[in-house]
Amino acid sequence: MIRVAVAGAAGRMGEAVCAAVEGADDLELAGRADPRLDVAVADVLDGADVLVDFTTPDTAVENALAATAAGVHVVIGTTGFDVDALREARGANVFVAPNFAIGAVLMMRFAAEAARHMGKAEIVELHHDQKLDAPSGTAKRTAELMGGDVPIHSVRLPGLVAHQEVILGDVGQTLTIRHDSISRESFMPGVLLAVRRVGELDESPLVGLENLL
């Protein structure tokens, strides 16, 4: 049984992670940390094997360093921070994914392959209006996999969840690769996969769910 604590547990993603952990036969919810619950991350590390972090860019690194120092592995879904800061983590593994949806990982892989054969490309990423970072971590990761020099356009509107289009063009043709997360449940299989695998990593920090598929 893997004991899982969740940072950002009162947020929409945090609540979805808690529900997914509680619904898994091989996982146990060990704690919920969130300022809105008046529970600090330090309060839930004792007795946890893995900390799942869906907080904010300015707290994710601090949470990860505290968890690894306590021997607790970390799975981070927060984006918008410098991943290099996690190289200071000692004592446990850290896994980071810009996007935990399996379809989004496939979208990025297909876009990287298509970029080898098409002349130019641009990325349009669309998210709910409460998302703090722009461009999204998924868009930046996609551009990186495609070679780096790909313009990104960000849209923030109520009613959206997480959506991305990669539009590629060449002489007389275009190719559009699109992924849509309709609900936050789309991220849960990837989150649980990371929770189950983070303790086995040979490299830390490791970025990208494609490395676990």
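A few remarks follow.
- Three-way shape call for region 102-182 based on the alpha-carbon gyration tensor, with the a/c threshold at 1.5: prolate
- Rounded is the label for region 14-103. Its Cα gyration tensor axes, ordered a ≥ b ≥ c, give a/c under 1.5.
- With neighbour counts taken as other beta-carbon atoms within 10 Å, the residues Ser154, Ser204 rank, fewest first, as Ser154, Ser204.
- Each of Asp26 and Asp84 was given a label point 7 Å from its Cα along the Cα-to-Cβ line. The distance between the two points is 3.6 nm.
- Entry for semi-axes √(5λ) of the Cα gyration tensor in Å (calculated from the structure that is shown) out of [x] 29, 23, 18; [y] 31, 17, 15; [z] 36, 22, 14: [y]
- Each of Met118, Met13 was scored by other Cβ atoms within 10 Å of its Cβ. Arranged with the fewest first, they read Met118, Met13.
- Exposure proxy order (Cβ contacts within 10 Å, fewest to most) of Leu209, Leu160, Leu126, Leu51: Leu160, Leu126, Leu209, Leu51
- Three-way shape label, region 68-111, alpha-carbon gyration tensor, a/c 1.5: prolate
- FRET efficiency, Ala69 to Arg3 (Cβ-Cβ, R0 25 Å, nearest 0.05): 0.90
- Region 102-182, dipole about Cα centre (Lys/Arg Cβ +1, Asp/Glu Cβ -1), debye to the nearest 20: 100 debye
- A crude spin-label estimate for the pair Arg116 and Asp149, with each label 7 Å from Cα along the Cβ direction, gives 2.0 nm.
- Each of the trypsin sites (Lys or Arg not before Pro) that DSSP puts in a loop and that has at most 16 other Cβ atoms within 10 Å breaks the chain; the longest unbroken stretch is 117-213.
- Modelled label positions at Glu62 and Leu213, each set 7 Å beyond Cα in the direction of Cβ, lie 3.5 nm from each other.
Every read-out reported here was derived from the displayed coordinates using simple, explicitly stated rules and does not represent laboratory data. Just so we're clear, the structure is a prediction, and the values are computed from it rather than from any experiment. As a convention, Cβ positions derive from the backbone with ideal geometry for all residues, glycine included, and neighbour counts pool all protein chains shown.
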